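Below: the structure, in structure tokens.
Nothing in this text is a laboratory measurement; each read-out follows from the coordinates by a stated rule. Treat the numbers as computed from the prediction; the structure is a model and nothing was measured. Cβ sites come from the backbone with ideal geometry, for glycine too, and all protein chains shown count toward neighbours.
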Amino acid sequence: MIFIVELFEKSLIETGRQSSKGNQLKWKDNGIWFKADYTGYEGLSEYVVSHLLQKSTLSPSEYVVYEPEQIKYKAVIFNGCRSTDFSCGWQVITAERLFKKQYGISLNACIYALENVCDRLKYLTEQVERISGIKDFGKYMGKLLTIDALFLNEDRHTHNISVLMDGMGSFKLCPIYDNGAALLSDTTMDYPLGIDVYNAIKAVKAKTLCDSFEEQLDAAESLYGPCISFFWNEKDVLQLLEEVGCYEKRITERVLEVLLEQRRKYAYLFN
């Protein structure tokens, strides 16, 4: 059962950054992060993707788990999600910010100055490793790009690929977060309810290294090998969707349809 949590302006977080999809309302209250749906069913997407990652070869420390939530703010009740604060006192530093602080120029611009997708991925990986001292960032990127391809996360860019930094300037990998733009969740602008799901799937564009999820994934696998596999099935998805009562049936039916099509398409990722 989902209960309504009431949040107030003192807990509202000013992110200072808009994604390509706008700026979600976000709050932090007693160590819990809350995000309200903005263009569709982002909260449902975060919940479903994170729980399906529990049925993968990732360890629990490698990703953030989201739960569905209804949020009352002022006079409005929003659907959304919540998660615990994964930073544990460390600072979340985006790859874009890390690079710009070091060199004074845009990482995204430098990436797209290279023609080859493999070269772009190598450049991103090598720069983050050089600045932070983190090893195996390539494997991390491989996992991220695999997840994005499977779940159709269209909003992964250098502003939400991150590392964690402590007060002494040491760095470590950041748990994978921010999958709200997956699963055709934008029903306001790009994927309104009622359109053909298979045509919508074909229309989704990646953002990290190019506009093709397949090219990004091919580049990651050619450089770093297979990085993650999954073992969820239709029954698992149905169980997750049955536990959420705040989204209308045609939304949950679409999420199921998208997931089953993506599972078919990327069957080799499943044990």
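Assorted remarks:
- Only Lys, Arg (+1) and Asp, Glu (-1) charged, at Cβ; the chain dipole about Cα centre in debye: 520 debye
- Taking 0.36 nm per residue of sequence separation and removing the Cα-Cα distance, the Ala267/Ala203 pair yields an extension gain of 21.0 nm.
- For the chain, with +1 on Lys and Arg beta carbons and -1 on Asp and Glu, the positive-most of Val76, Tyr123, Ala149 along the dipole: Tyr123
- Helix screen, the chain: DSSP H segments with Cα axial length of 18 Å or more and mean Kyte-Doolittle hydropathy at least -1.0 are 117-132, 137-151, 249-265.
- In the chain, the calculated helix contribution to ellipticity at 222 nm averages -11500 deg cm²/dmol per residue, counting -39,500 (n - 2.57) for every DSSP H run with n ≥ 4.
- Structure remark: mean-square fluctuation, Gaussian network model of the chain, C-alpha springs under 10 Å; the largest value among Leu44, Leu223, Leu152 belongs to Leu223.
- Here region 156-237 is treated with +1 on each Lys and Arg Cβ and -1 on each Asp and Glu Cβ, and its dipole about the Cα centre works out to around 180 debye.
- FRET efficiency, Asp211 to Phe231 (Cβ-Cβ, R0 25 Å, nearest 0.05): 0.25
- Candidate values [x] 7, 28, 34, 23, 8, 0; [y] 6, 30, 37, 22, 5, 0; [z] 7, 26, 28, 21, 11, 6, 2, 0, label of the one derived for P(r) over Cα pairs in 10 Å bins from 0, in percent: [y]
- Pairs over the 31 Å Cα-Cα cut-off, from the set Lys101/Lys207; Lys74/Lys207; Lys101/Lys202; Lys172/Lys205; Lys72/Lys143; Lys100/Lys205: Lys74/Lys207; Lys101/Lys202; Lys72/Lys143.
- Positive dipole terminus of the chain, leading residue within Tyr63, Trp90, Phe230 (C-beta point charges): Trp90
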